[in-house]
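To keep things clear, I will list the structure first and then write my remarks on it.
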Amino acid sequence: MKDREIIVLLQRQLEVSQATIEGLRTAMSEMKQSMESTIEDLRQTIRSLEQALKDKGIETARTKKVLKNVAALMETHNERQPEPAEPDPEFTPKEEKPKYAPKARGNNGARRLEHMECEERVIIDEPEGVDLAGARFLKYRDSIRYRVGPMKVIKEIHRVALYSKDGTVISGKAPLAPLQNSNFDGSFIAFCAQMHYMYSMPVSRIASWLGDNGFRIGRGTIGGLLSKATAVFARMHECLRLAVLEDPYISGDETFHKVRVEEKNDKGLKIRKGYIWDLVAHHLGLAYFRYSQGSRSEKVFEEIIEGYRGTFQSDAMPVYRKLGDGKYDGITRIACLQHIKRKFIDIKGIPEAAEILRLFNLLYDREHRHRIGHDGWTAEDNLNWREEYAPPILDRIKTRLDSVRTNPAVPGDFDLMGAVTYAINEWEWVPGIFSGGDYDLDNNLIERMQRLVSLLRRNSLFFGSHKGGETAAMYLSLVVSCRLNGINVMEYISDILNRCASWNPVTPLERYRDLLSDRWKPQMNGNE
């Protein structure tokens, strides 16, 4: 019996164990299903979070782009307007300019400039620390380095030989110096002029720069050289004025530069504004600057323009407007569209101003479709094109201007009314812009020239005297004329100074004409 009871007991324990195992299996299965469900939920949550982050990133990128565009528009100071949301059918999109890609010039097949203008020095680099006995030479491989050394001022000593023959002394001849009792060649003065009037470096800084490169000189000496050299340029400067007035199409403007004077101003300073007048001859590529005691009076302008016959482009300053009123016989005045446009550009958020500005821009869009000298396009072709596109656009602008002027809802002291009044007052001289094939739509060429004065004003602060203003006007005339004709300023001024050193102070003006930058040819071997 005991054995049987033991067997029964073991069977019962086995059944309990099997039931426990089955229960555990069921529990594990349920737990597995629960875990799989939880894991799937977690995966779905992760996917949702990833999508949300992706959407947020896209929206952030869009927001950044919008903010960047808005910031760019707020910082833009030029006169180009933002592109409209919808393409304007009246405007023709400009072709994108091809990116600059230097032509292959050899140099191991690399696309880079070879700078053939540089002085060349060939240095042979032989292998070091290697026994070359029995080696066969293959070839040289060039490796180029552009090295900059300190600026050099060369001291040339002309040792003049003296001989005696038959009681007569025979002497060699040293080259004449541009300035009497001066040891400086024209190239030194030309260098200082280029640094000061072209690159707007103050005289004191030029002296410091030369000192840093091993040549000590005082700023007073540099200023004296520049001032004294104007005696050589004085008659050339007058010849330049007459040459500019020979051009049938010129532009005129004026700008200011502070000057030191004897009288104190209301702030107790001996500084006041002085004005520099400037003209540019569009066909000849010559520029003329004039400073006359800093005066902006009509009398000075009359002296500058005396004898001119042709077309004169300018802003609406009263003295220029008299050109169009018939006070000066033989002169036809045309207006500057940019001066009119700028007043509408400054007006924000007014649809009428935006529409008038859009029509002015439409004139520029049509004009820029062709360019004289490109693809055989001539001034005559351009005139025919202007006669086709300009009249209807000008009529639309005039209609808009009259609409605003006669609108009682626009206050008289409103910015829009001021811009419209300026445009209407200038309108008589606007159509004349399109009466010639080679007239510019604006005075931007001469205003770009005036940047040299602006930079000089910023860096040098003021002229030391009215004489300093006259000196600046002479050098600016030469510098800008050189730039308009693609001539190296330093080479030109150096040549002119050395060439004219022996000329009589009363040399006829006609002789200077061939020395102006539109006709200038450098001396060959010291001969003219």
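The values are calculated or read from the model by the stated rules, or taken from the named source; none is laboratory data. Only a predicted model underlies this, so the values are computations on that prediction, with no experimental measurement involved. Neighbour counts run over all protein chains shown; Cβ positions are idealised from the backbone, glycine included. These accessible areas exclude ligands, DNA and RNA; they are computed on the full protein's heavy atoms, side chains included. Shrake-Rupley method; radii C 1.70, N 1.55, O 1.52, S 1.80 Å.
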So how tilted is helix 466-484 from the main axis of the chain? Cα-based, degrees 0 to 90, rounded to 10.
70
Mind putting a number on the dipole of region 154-243 about its Cα centre? Charges go on the C-beta only, +1 for Lys and Arg and -1 for Asp and Glu, and I need it in Debye to the nearest 20.
100
Hey, which of these cross-link pairs are over 24 Å Cα-Cα: LYS152/LYS521; LYS299/LYS322; LYS228/LYS258; LYS343/LYS398?
LYS152/LYS521
Express in Å², to the nearest 10, the accessible area of GLU263 obtained by rolling a 1.4 Å probe over the protein heavy atoms while all chains stay in place.
120
For the chain, what is the Kirkwood estimate of the hydrodynamic radius, computed as the reciprocal of the mean inverse distance between distinct Cα atoms, to one decimal in Å?
30.9
Unit Cα scatterers, Debye sum, region 259-310: log10 I(q)/I(0) for q = 0.23 Å⁻¹
-0.90
Quick check: at a probe of 1.4 Å, how many percent of the accessible area of the chain sits on carbon and sulfur atoms?
52
Measure nothing but the geometry: give the 0 to 90° angle between the long axis through the Cα atoms of 379-405 and the longest principal axis through the Cα atoms of the chain, rounded to 10°.
70
Per the helix-only calculation at 222 nm, which mean residue ellipticity applies to the chain, given -39500 (n - 2.57) for every DSSP H run of n ≥ 4 and division by its residues, nearest 500 deg cm²/dmol?
-15500 deg cm²/dmol
Before I look further, what does the chain give for accessible area per residue, probe 1.4 Å, in whole square angstrom?
66
To the nearest 0.05, how large is the calculated FRET efficiency for VAL130 and HIS158 if R₀ is 51 Å and r is the Cβ-Cβ distance?
0.55
DSSP beta bridges in the chain [antiparallel fraction, %, rounded to 5]:
75
Net dipole in debye of the chain [+1 Lys, Arg Cβ; -1 Asp, Glu Cβ; about Cα centre; nearest 20]:
1940
Label point at THR507 placed 7 Å out along Cα→Cβ; residues across region 152-181 whose backbone nitrogen lies under 11 Å:
none
Cβ-Cβ FRET estimate between MET151 and LEU176, R0 fixed at 35 Å, reported to 0.05
0.85
